[in-house]
Amino acid sequence: MDLTQFFSGLKVVELASVLAGPAVGMFFAELGAEVTKIENAATQGDVTRRWRLPGEDTQREYSAYYCSVNYRKQPIMLDLLSADGQEEALQLIREADIVLSNFKRASAQKLGMDYASLRQHRPGLIYAQLDAFGEEEALPAFDVVLQAEAGFLYMSGHPGQAPAKMPVALIDLLAAHQLKEGILLALLHRHRTGEGSFVSTSLLEAAVSSLANQATNWLMEGFIPEPMGSQHPNIAPYGDIFYTADQKPVVIAAGTEKQFQQLCLALELPHLITDGRFAQNAGRVVHRTALNALLAPAFLRHNRAPLLEQLHKAGVPVGSIRNMQEVFERPAAKALIREEKMPDGTLSRRASSLAFRITAEHR
């Protein structure tokens, strides 16, 4: 199945900037939809055009950040504070199937770009609204603010040190997933009934819904997760980092008793399997420090590559800690690279937003 043509003929107008909303637009663009990105000339367009690395070419119109989520789109600058700009935007929306917006709702109403106004121009329209905190709290925010408000920042970092934000705007991406899932349901609903829909989510709701086991640790056990570095509150050794003889870091995720046993055998520490402190996961969580003190010297007796090969064969989840260059040396990562010339001629490169495949059943 050719996913690049899956949504051929679908028209999307993007009234969104930064990361979450544009990530949704790029999802549809990669699947063949015609995505027009309207940027407000009155505010100099999407702010990420100017979010550059210190050494990045300032003469380029588009920053690397901007390019990360604006693949296969048609960007257009319109002065949305002017009548002409609003009318030009409406001409595009009258033919659109989906409108994506992260405008503040009051601002959208003033511009005539809210759902109630646009549905009058385009019956059957699917309008997807992204807020920071939800309809009732029209507060400004970027991803790191939601990392803080949703508990992620409190849990991150190391004990006794300042919290550390995630190096990717993951809350934005989680919200993008929620919004596009809602849009896909709205498309199915329109296919069945012909009716349009208003779809909405917020960064806060997306973040809280993704707290998973950390939420249930609190909701069921009254446990407030504290910073643990990369370690796991319920499993050991899991997320623990060790260095090998060639001074290369590895991370271990022994989530089952068998995996822990195989780890001990590979490290030539069979006695740990029957040690009362470590025989069961519950004990290993309690005695994590003592366990790691015994594991660390054993890792230092092996070089990383042969040890990883041995552990992989034994079924032990273990990984190299790779920098970005090393990540894109992996064939699977290379296969996700997408290239495109931007309207100013800049060759942009990014990772695809599509990390799935569909194989149709042919009869």
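Can you give the net charge of the other residues whose Cβ lies under 10 Å from the Cβ of residue 303, counting K and R as +1 and D and E as -1?
Local net charge: +2.
Relative contact order of the chain, please, whole-number percent, based on alpha carbon pairs below 8 angstrom and at least 6 residues apart.
So the answer I get is 14 percent.
With unit charges on the beta carbon (Lys/Arg positive, Asp/Glu negative), name the residue among 128, 210, 295 whose Cα is farthest towards the positive pole of the charge dipole of the chain.
Towards the positive end, the residue furthest out is 295.
If the cut-off is a Cα-Cα distance under 16 Å, which aspartates and glutamates reach residue 11, setting aside same-chain residues fewer than 8 apart in sequence?
Straight-line reach from residue 11, under 16 Å: 30, 34, 88, 95, 97.
State the dimensionless ratio Rg/Rh of segment 11-213 (Rg: radius of gyration of Cα atoms; Rh: Kirkwood radius).
0.98
Of all beta bridges DSSP finds with both residues in the chain, what is the antiparallel percent, to the nearest 5?
35 percent
Just tell me which lysines come within less than 21 Å, Cα to Cα, of residue 110; anything on the same chain fewer than 8 places away is out.
37
Of 265, 229, 83, whose Cα points farthest to the positive end of the dipole of the chain (charges on the beta-carbon: +1 Lys, Arg; -1 Asp, Glu; origin at the Cα centre)?
Of 265, 229, 83, it is 265.
Add +1 for every Lys or Arg and -1 for every Asp or Glu among the other residues with Cβ under 9 Å from the Cβ of residue 340, and state the total.
Result for the neighbourhood of residue 340: +4.
Treat every Asp and Glu Cβ in segment 11-213 as -1 and every Lys and Arg Cβ as +1, leave all other atoms uncharged, and give the resulting dipole magnitude about the Cα centre to the nearest 20 debye.
My answer is approximately 240 debye.
Evaluate the distance, in nm, between pseudo-label points positioned 7 Å from the Cα of residue 95 and of residue 258 along their respective Cα→Cβ axes.
5.8 nm
Can you tell me the relative contact order of segment 238-321? Whole percent, Cα pairs under 8 Å, sequence separation 6 or more.
This gives 44 percent for segment 238-321.
With labels modelled as points extended 7 Å from the Cα through the Cβ direction, what inter-label distance (nm, one decimal) is found for residue 241 paired with residue 77?
Here the answer is 4.3 nm between the modelled labels.
Using alpha carbons only, how many degrees (0 to 90, rounded to 10) separate the axis of helix 304-313 from the longest principal axis of the chain?
Taking the Cα atoms of the chain, the angle to 304-313 is about 90 degrees.
Rule-based calculations on the coordinates, nothing more; no lab input. Since we're looking at a predicted model, the values are computed, not measured. We place every Cβ from the backbone using ideal geometry, glycine too, and count neighbours over all the protein chains shown.
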